[in-house]
Amino acid sequence: MARSGASTPTGTPLSRAMRPVNALVERYIPSALVFAIVLTFVVGLMAVALTDSGPVEVVASWGDGLSGLLDFITQMALILLLGHMLAHTRPVQRLLRALGSLPRTTMQAYLFVFLVAAVASLITWGLGLVVAALIAREVAAQGRERGLALHFPMLVAAGFSGFVVWHMGYSGSGPLLAATEGSFIAEQLGAPIPVSETTYSTWNLLAIVATLVAVAGALYLVAPRPGENVREFAADEPAVVTGPADDVRTPADRADGSRVLTTLLGLLLVAYLVHHYLTGGGLTLDIVNWTFLCLILLLAANPFEIITLTRGAASNVGEILLQFPLYAGILGVMTATGLVEVISAWFVGISTPVTFGLLTFLSAGLVNIAIPSGGGQVAVQGPVMIDAANQIGVDPAVALMAIAYGDQWTNMIQPFFALPLLAIAGLKIRDILGYTTVTLIASGIVFGATMLIISL
């Protein structure tokens with residue numbers, strides 16, 4: 001539902017300035033699938049023009065790369081499926097309703113969704129994406145019931161904006177990789193880089209706080225004001241069916257309606273997770289998935305409810321299964337042809353010890369458009385930039401975090417990681433891009449300034 005406002009100008013100067021941008025985005029930005037297809041050809045043409053690879057080699061590297069992220073695609077599909085299922089169990093629905101009732105004004109709603117998503121993303125990026133979508137939906141639904149004119153695309157954009165700090169947090173793949181004994185980065189340097197020098201360094205922690213403040217301020221300035229047109233949340237969630245559809249007549253019906261087996265399996269997963277952490281295991285995307293599954297098994301009323309939840313969540317997974325292989329193919333072209341090294345080397349060639357961090361951050365942001373996987377980007381760009389840092393006397397931790405900052409930065413205009421969130425929210429990338437572009441600008445200022453300050 002949309003509410004129309006007065007004809008007189010409303011909103012802040014920034015929100016008014018962004019209206020033409022939002023209109024342009026809504027009119028001309030294609031779907032995420034078209035974005036991935038166009039990017040495929042752009043990267044292929046760049047590889048032919050800027051490297052020694054010919055068209056045949058580029059096509060071969062693209063085709064070979066299509067299957068390069070199958071494990072990751074499965075993980076992403078599972079986190080979307082299980083996250084959706086978990087959110088629709090009755091206990092979690094009660095928790096989401098309690099959280100969704102906290103914001104009392106429209107501005108509180110936008111900023112609350114952003115901060116909750118940011119905290120979840122700092123714990124682990126996969127959790128952040130699911131939490132962002134679910135809390136946005138719940139805040140929107142409850143706000144509508146209370147008569148708040150909440151712009152749903154803005155709420156979802158605020159949630160996705162929380163993702164802009166993920167690589168600075170606990171699950172940051174670059175710093176964790178560098179801190180791991182035997183990793184290719186540790187072998188290149190001769191020793192691991194402890195997370196005390198990257199993730200938990202004073203300057204990175206301060207940068208997290210500064211980024212949250214800057215992005216929250218930008219969202220405040222760009223958020224719709226009372227009287228402006230808004231697109232409210234309109235989805236009506238079906239009630240969760242918690243028992244067998246037919247009368248219980250057979251032993252099979254009784255098994256479908258009993259929670260004994262699902263509870264036992266959930267307790268088995270609890271035992272595994274406890275063992276995992278007690279033996280030094282960390283929080284990975286797989287562990288997030290198994291934690292979601294464990295909670296589903298323990299919270300669902302019976303196997304029939306789990307089957308019903310699965311059917312309801314499955315429709316959100318299809319887009320990921322189609323689009324992510326295209327990005328895997330792009331990654332294959334970037335890696336096999338050496339295009340990523342060409343881009344990185346150009347930035348290194350114009351760097352000084354003071355500007356190296358800033359220019360590495362900018363190059364990483366550019367590379368992230370084509371290689372939006374954090375771990376994949378560190379794998380292909382990390383050795384190049386760390387070697388360059390050693391050559392010009394820059395701390396390798398600076399190079400590593402510059403890549404991490406660039407990787408998370410341009411996610412705000414790259415639909416790769418937005419797909420799970422958009423699928424749950426039922427929106428398209430064009431619906432949120434006008435707002436996340438503001439997040440890109442605000443966070444980019446903080447990231448760039450951080451790289452300059454620590455290099456002085």
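Can you list the HN-Hα couplings for the range 437-443, worked out from phi with the Karplus curve (6.51, -1.76, 1.60; θ = phi - 60°), rounded to whole Hz and with x for Gly and Pro?
Calculated HN-Hα couplings, in order: 5, 5, 4, 4, 5, 5, 5 Hz.
Could you please state, rounded to a whole Å, how far the C-alpha centre of the range 377-456 is from the C-alpha centre of the range 264-311?
If we compute the Cα centre of each part, the gap is 32 Å.
In whole Hz and in residue order, list the ³J(HN,Hα) couplings for the range 362-371 that follow from phi through the Karplus curve 6.51 cos²θ - 1.76 cosθ + 1.60, θ = phi - 60°; x for Gly and Pro.
5, 5, 5, x, 5, 5, 4, 4, 9, 10
Go through W409, W166, W62, W346 and list them by solvent-accessible area, largest first, probe radius 1.4 Å.
W346, W62, W409, W166
From the protein chains alone at 1.4 Å, what is the descending order of accessible area for H276, H167, largest first?
Order by accessible area, largest first: H276, H167.
So, for the chain, what is the accessible surface per residue at a probe of 1.4 Å, expressed in square angstrom?
Value for the chain: 42 Å² per residue.
Out of the total accessible area of the chain (probe 1.4 Å, heavy atoms of protein only), what percent is carbon and sulfur?
67 percent
Among 348-355, 422-429, how do they line up by average Cβ neighbours within 10 Å per residue, starting with the highest?
422-429, 348-355
Is it possible to state the helix-based mean residue ellipticity at 222 nm for the chain, with each DSSP H run of 4+ residues giving -39500 (n - 2.57), the sum divided by total residues, to the nearest 500 deg cm²/dmol? What is it?
Calculated from helices alone, the mean residue ellipticity at 222 nm is -23000 deg cm²/dmol.
State to the nearest 20 debye the size of the charge dipole of the chain about its Cα centre, where the only charges are +1 on K and R beta carbons and -1 on D and E beta carbons.
Dipole about the Cα centre, nearest 20: 1660 debye.
In degrees from 0 to 90, rounded to the nearest 10, what is the angle of the helix 32-50 Cα long axis to the longest principal axis of the chain?
10 degrees
Under 5 Å between amide H atoms, partner at least 5 residues away or on a different chain: which partners does V230 have, H built in plane at 1.01 Å?
So V230 has HN proximity to R3.
Compute the long axis of helix 202-222 from its Cα atoms, compare it with the longest principal axis of the Cα atoms of the chain, and write down the angle in degrees, 0 to 90, nearest 10.
So the helix axis and the longest Cα principal axis differ by about 60 degrees.
How far is helix 339-349 tilted, in degrees, relative to the longest principal axis of the Cα atoms in the chain, given as a value from 0 to 90 rounded to the nearest 10?
50 degrees
The values are calculated or read from the model by the stated rules, or taken from the named source; none is laboratory data. The shown structure was predicted, so the numbers you read here are calculated from the model rather than taken from an experiment. For neighbour counting, all protein chains shown are included, and Cβ atoms are generated from backbone atoms with ideal geometry for every residue, glycine included. Please note that ligands, DNA and RNA were not included when accessible areas were found on the heavy atoms of the full protein model with its side chains. Shrake-Rupley method; radii C 1.70, N 1.55, O 1.52, S 1.80 Å.
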